[in-house]
Amino acid sequence: MTPELGSAVLWVAAALALYGAGAAASGAATGRVALIASAQHAALAVFALVTTAFLLLVYAFLTFDFSVLYVARQTNLNTPFYFRITGVWGALEGSIVLWSWMLALYTLILVIRHRSQRDLYPWALSVMLGILCFFLLVMTIPAPPFERLTPVPADGRGLNPLLEDTGMITHPVALYLGFTGFTVPFAFALAALIAGRVGDTWITVTRRWTIVAWYFLSLGLLIGGWWSYHVLGWGGYWAWDPVENAAVMPWLTGTAFLHSVMIQERRRMLKLWNISLVLLTFGLTIFGTFLTRSGVIASVHSFTQGSIGVFFLAFLALVLLTGFGLLAWRWPLLRADGELDSVLSRESAFLLNNVFLVAIAFTVFFGTVFPLLSEAARGVKISVGAPFFNRVNVPLFLALIFMMGVGPLIAWRRASVDNLKRNFLWPVLAGIAAAAFLTALGVRSTLAVLALAFTAFTGGTIALDVWRATRARARTGLALVPAVTSLVLRHNRRYGGFTIHLGILVIAVGVTGSQAWSRQTEMTLRRGESVELAGYQVRFDGLAATREGTHDKVMGTFTVVGRRGQTTVMHPSKKFYPQEQSPIAGVDYRIGLKEDLYLVLGDFARDGSQATVKAQVNRLVSWIWIGGGILTLGALLAILPSRK
Amino acid sequence: MNPRLKFIGGGAAIALALGYMIYAGVTQSAVYFITPSELQAAPIPGKAYRLGGMVAAGSLRWDAPAVELSFRLTDGKGSIPVRHRGTPPDLFGEGRGAVVEGSWTPEGYFKATLIMAKHSEEYRAPHGETPPSRYQNLIKTLEKDTRAP
């Protein structure tokens, strides 16, 4: 009964969303308040219905309702309570349910926060409900979460073991909140274009919503990196995989928008560019969904395997055509009121930052769809992997770090020599000193030296700005701590931005260190034998088999002796799941500020006499997680309402 | 000089540089996706390939002291001997799909630098003979759905 109820609820929700979109649009066009009020009621009802559908699916998971195909695929009787909840969004159908629920939630917040706003809000509500209707239709036709399975099996297949991780609750939730969050700026951009009011209102509303979405997307990407690092057993956090690329592209264009929007606020320029970035960012979230859900990535022929790809592609085409069509229609309204005065100005620094961000997004896009392009053009399947992305993007990222130092301090309109000297003399010296110091230490990698020198330069600009502003406040008689606190809280947007930049710099140090200085080895050891890696002695002491909740486990015991004689016992393992034919690695790691020790158990002799181990010393990886923490704090600070 | 001209010139220079970087990146890191029978037909030593197929039953050897894995990758029409230094990744095994990246050696085997195992509920270990159509489906799935490790 529950599955039928769930399907019915989704159909009703789709119909109501469609009605609400139409009512809001005609209300906006005719100015009839009753229609808009009716659309609002529809939005509330849709939220209630999608919540119900979501809870019904959770209920099906919790009660092991294997008559539902999706439940039978994602769980079995051994799946613990916690993973039965996270398993709800562990695959295609459920992920769309979660997605739609978040979209309905954002629509609800939109109604609550903006309903008194009269010229843009009704159109924005219409767009939100229209998009929501599309996702609800996806659940009713190509990806039904409540589809029945007959005959009903006695047990389900079980969750993919790699998803049995606490990261499964935070990673998809944060990522989807980010993805779906970009729908609101898109809705307001369309509303501004339709209503012909491309002035300040939409920019102010959109900027705040973009920071919210950006915050969640950043969090999702970081947790994804952490999950990859501590679960997948290859010792990395980013692989330029199509799925990762799909998530990072809207992040890049969203970041570009958050910067270029400041030029519009201050100088009334780049109006066209800003709307384009918002349209593009939303388009990329849909493209990402299309890429990851349709399986199109290497073969156009896979369209025949399911209709979901066609759905998303058609929707993407509709979104882009509508967006850019409206943009072309409103072209005359989007002329800049100001002009760029000089190449040496904050405007052009921000413009350059945008060019680099969009260039990286384009490179990622190009590399991701390259197999499709090469097959269409030449009939051969060629892919470009991590080497391509690194080769093209690393220089662009370095340039971005440099611009991150220049942008916030250089003068508006036209920077004088005095202004440049005043703001950049010390940071440049800091950068040069860092480069000299690293070279003296014997660092041979040019890229590492450059990356860290740029980081020092940009860190110097942040320090200089904070120091100056604090000193100015301290002169008015404030003590140091209150001076800094009041500075940061009063100008929370600026210092939130600086905090985010600081987080990025710390991440840059982590990425540089882990790429340049990590070491690894792979050896088969007999019991009692050891291998040396970067000053550590890793000794194999034996194997033991144990049984855990959902799986059996073969656990190795390795004693690791560090450079100063400190010893640690580590237990990398292999986990055997009944639903899987081959084992999954259980990584063991010790995390430190300077380096992580990371062990993965490979093959082993059944009598425990020998085992193959992959040992890694990963340098500075923790800085990535610390920088991520700083970055999210900065984003929260920037979201706070201003206290001016 | 007029600032507008400077901006147009700067923009063009950046676009050209980016175009060149992408072009150079593609030519230097392009990897061709081929099947074992295609490689058998025209093996070119040293060229980077992504080879996709199924690990042939009974072909998997694991030399623990040398940490070397060897197996044959087949697409039903041809098969290629592959060697790889390192332990097999999770979900790797006989009768399952895998994509290996590396190059053909003059010594007559494919030297893999990277193994990507294919995990999918559609491709359980086959019982008995595998019909060629299954291989074709497998290879299609491999091409689109292999994740780097």
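Every read-out reported here was derived from the displayed coordinates using simple, explicitly stated rules and does not represent laboratory data. No experiment lies behind these values; they were computed from the predicted model shown. When we count neighbours, we look across all protein chains shown, and the Cβ atoms used for this are built from the backbone with ideal geometry, even at glycine.
Before moving on, here are some points about what is shown:
- If the segment from residue A:567 to residue A:62 were pulled out straight at 0.36 nm per residue, it would be longer than the present Cα-Cα gap by 177.4 nm.
- Over all orientations, the protein assembly as shown has a Cα convex hull whose mean projected area works out to 37.4 square nanometres.
- One Cα centroid belongs to region A:505-570, the other to region B:77-116; the line between them spans 26 Å.
- Region A:328-387 versus region A:31-93: alpha-carbon centroid distance in Å: 37 Å
- The Cα trace of region A:455-553 gives Rg and Dmax of 24.9, 70 Å, the first to one decimal, the second as a whole number.
- Rounded D (µm²/s) - region A:502-571, Kirkwood Rh over Cα pairs, Stokes-Einstein at 10 °C, 1.306 mPa s: 108 µm²/s
- For region A:426-472, convex hull volume per residue from C-alpha positions, Å³: 51 Å³
- All aspartates and glutamates inside 17 Å of residue B:6 as judged from Cα atoms, apart from same-chain residues fewer than 8 positions distant: A:339, A:341, A:347
- For a straight C-alpha distance cut-off of 20 angstrom, the aspartates and glutamates reachable from residue A:594 (same-chain residues fewer than eight places away being disregarded) are A:532.
- Within region A:337-491, the ratio Rg/Rh, alpha carbon atoms throughout and Rh by Kirkwood, equals 1.11.
- Calculated P(r) of region A:165-304 - Cα pairs past 19 Å, %: 54 percent
- Under Karplus coefficients 6.51, -1.76 and 1.60, residue-wise ³J(HN,Hα) of region A:445-455 in Hz, glycine/proline x: 6, 4, 4, 5, 4, 4, 4, 6, 5, 5, 4
- Share of alpha-carbon pairs per 10 Å distance bin for region A:520-644, given as whole %: 12, 35, 25, 15, 8, 4, 1, 0
- Residue by residue along A:380-392, Cβ atoms of other protein chains within 10 Å of the local Cβ number 6 on average.
- In a simple Cβ point-charge model (Lys, Arg +1; Asp, Glu -1; nothing else charged), region A:1-159 has a dipole of about 360 debye relative to its Cα centre.
- With the simple spin-label model, which puts each label point 7 Å out from Cα in the Cβ direction, the residue A:417 to residue B:4 separation comes to 2.9 nm.
- Across A:575/B:111; A:574/A:614; A:381/A:614, pairs whose alpha-carbon gap is larger than 21 Å: A:575/B:111; A:381/A:614
- Taking the inverse of the mean reciprocal distance over all distinct Cα pairs, the Kirkwood hydrodynamic radius of region A:444-501 comes to 12.7 Å.
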